[in-house]
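Take a look at the structure set out below.
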Amino acid sequence: MDRRKLLENPYRPGAGHIPPFLAGRIDEQEFFKRVIRQDNPTDNILITGLRGFGKTVLLSSLRAAAEQDGWLWVGNDLSESASLTEERLALRILTDLSQAMANRFASIESGLAGSSVHAPHEADEQRASDEQQLFETLKGCYETSPGLPSDRLKSVMSRASSMAARARVPGIILAYDEAQCLCDHAERNEFPMSMLLDTVASGQKKATVVPCLLILCGLPHLLNALTETRTYTERMFHVMRLDRLSRDDTWAALTRPLSRMMPPLYASPKLIAKVVDLTNGYPYFIQFFGKELVEQLLRNGGTLGDDEFPSTETLDHLDSGLFGARWNNTTNKQRDFLRIVASRGQYAAAEFSAQEVSTLSKNYGDSEVSNAQATQLLQALCERGIVYRTRHGFYAFTVPMSDEMILRRLQSEEEVVKSWQEPPPPKTLRKKATSWLWFT
Ligand SMILES: Nc1ncnc2c1ncn2[C@@H]1O[C@H](COP(=O)(O)OP(=O)(O)O)[C@@H](O)[C@H]1O
Ligand SMILES: [Mg+2]
């Protein structure tokens, strides 16, 4: 029988995919558990890190801990709503609140009444109708409260807090992922981030019936955006800056799932150490290389020589997965510019400025750019999500190891171009000629 059918690949590379073994992140989880067990907690949490560092996965583990303690988790991913206005964010929160409360009430009801009372489809209908009713109630509260959207949202939160208390919920958590999309737009007179912070801070000052905590998750510049929003924001949050994992944690994340497959698979300690080095401790790469290793082991009859991994296809998959979509949308000018940034060498600082790249570009002939052009290119690359602004005038890649991926991409593209420029070997030419003849 095919071994592949017997063995399921356990690694899960992909945005927000729960890994087979969540390594590290212990302090973060312990801190959170301590917070929700306090009497009147006010520690909001900010989780930041580059793409693929495990922010969404950590958020899911905090959710599991909160729900185990009975807290109501109200949250969403804001990546699709880049142009959020105050009204739209308020509507988002009303919708998320009613959904979370309807789910909670449904589970309380089925717990009290026993699961046999409603057939599954009836329970779903009941839940949907409760959600609609809750939404109407909260929307009514929002619309009839006086003041600005932030005043009205405060009334909604205090109403939700009373409802939660009646359902014996110990607290509410508002959790928003990809929260860099919430940044204020002063030029459009829209301040969704300020509205959210103001609502939560005011509830925490007044001590509403049940406590409400805010968790925001996003790319590192979220912290700058928050600091620009309000002067005391840093004090409002406990910041968790996710870094890559330690060597021991990386080893554990890679080997725990693998050891369950050995035998029949076999990977030597030297090969495993090589894969650990390849990942550099970046969580996404652990899942990616883990998955590729298992696939290659399966294809190769269960074992592999130390120098047979990674195959060229593995590196191709890597470049097209995490990085490919963003790269494919870049213009030739942007690619020339990225080559300069990526060629700074492995010991270069993670940050770079327009000035630095413009100076380096003088060594690249046709790709030379002025300081102003470099600034414009960096802004365009920020919009494409390839780089982000670390601080005033400085930028860094959003995806770890982007430099290597860019250079590999450019090299393989150049090889394709070269293959078309070189005259084909005579044998191929004769073959082509016959096939042309055949077609005509
Ligand atoms: N602590 C961890 N241990 C092992 N794998 C992890 C860990 N954290 C994240 N991952 C894996 O890394 C990948 C990216 O995680 P994700 O939470 O989507 O990152 P982010 O939200 O920071 O972009 C996923 O495939 C996930 O399974
Ligand atoms: Mg994420």
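Some points to look at:
- With θ taken as phi - 60° and the Karplus curve 6.51 cos²θ - 1.76 cosθ + 1.60 applied, the whole-hertz 3J(HN,Hα) list for the stretch 9-18 is 5, x, 6, 10, x, x, 4, x, 6, 5 Hz, x standing for glycine and proline.
- Using the 1.4 Å probe convention, the accessible area of the stretch 245-310 works out to 43 Å² per residue with neighbouring protein chains retained.
- Given charges at Cβ of Lys, Arg, Asp, Glu: the chain dipole, positive-most of 201, 50, 148: 50
- Neighbour cut-off at most 12 other Cβ (10 Å), DSSP loop, GluC sites (Glu not before Pro), the stretch 29-92: 80
- Computed E for residue 29/residue 247 - FRET, C-beta separation, R0 22 angstrom, nearest 0.05: 0.60
- For the stretch 195-352: rounded, prolate or oblate by the Cα gyration tensor [a/c cutoff 1.5]: oblate
- Note, ³J(HN,Hα) from phi for the stretch 273-282, Karplus 6.51, -1.76, 1.60, rounded to Hz, x at Gly and Pro: 4, 5, 5, 4, 4, 4, 6, 6, x, 7
- Neighbour net charge for residue 329 - beta-carbon separation under 14 angstrom, K R +1, D E -1: +4
- Portion, in percent, of the accessible area of the stretch 245-310 that falls on carbon or sulfur, probe 1.4 Å: 51 percent
- Remark: the stretch 324-421 carries 56 Å² of accessible area per residue (probe radius 1.4 Å; ligands, DNA and RNA excluded).
- J(HN,Hα) series, the stretch 295-300, from Karplus relation 6.51 cos²θ - 1.76 cosθ + 1.60, nearest Hz, glycine and proline x: 4, 5, 4, 4, 5, 9
- Dipole magnitude (debye, nearest 20) for the chain, charges at Cβ of Lys, Arg, Asp, Glu: 580 debye
- Rounded to 5, the percent of DSSP beta bridges in the chain classed as antiparallel: 25 percent
- Here's how it looks for residue 387: its modeled amide H is under 5 Å from those of 382, 398, which are all 5 or more places away or on a different chain.
- Label zone at residue 69 (point 7 Å along Cα-to-Cβ), backbone N below 13 Å, the stretch 191-218: 211-214
- Spatially, the stretch 285-346 and the stretch 1-79 are offset by 26 Å when compared through their Cα centroids.
- Less than 5 angstrom separates the built amide H of residue 185 from those of 190, 191, all sequence-distant by 5 or more or on a different chain.
- When peptides 259-270, 399-410 are ranked by their average number of other Cβ atoms within 10 Å per residue, the highest-first order is 399-410, 259-270.
- For residue 240, residues with placed amide H under 5 Å, excluding near neighbours: 46, 47, 48
- When the square roots of the Cα gyration tensor eigenvalues are ordered a ≥ b ≥ c, the ratio a/c for the chain is 1.5 or more and a/b exceeds b/c, which makes its shape prolate.
- Across the chain, Cα pairs under 8 Å and at least six residues apart give a relative contact order of 19 percent.
- Annotation for the stretch 133-220: trypsin sites (Lys or Arg not before Pro) lying in DSSP loop with at most 11 further Cβ atoms inside 10 Å of their Cβ are 168.
The values are calculated or read from the model by the stated rules, or taken from the named source; none is laboratory data. These numbers come from a predicted model, not from an experiment. Virtual Cβ from ideal backbone geometry, glycine too; neighbours counted across all protein chains shown. Note: accessible area is taken over every heavy atom of the protein model, side chains too, but ligands, DNA and RNA are not part of it. Shrake-Rupley method; radii C 1.70, N 1.55, O 1.52, S 1.80 Å.
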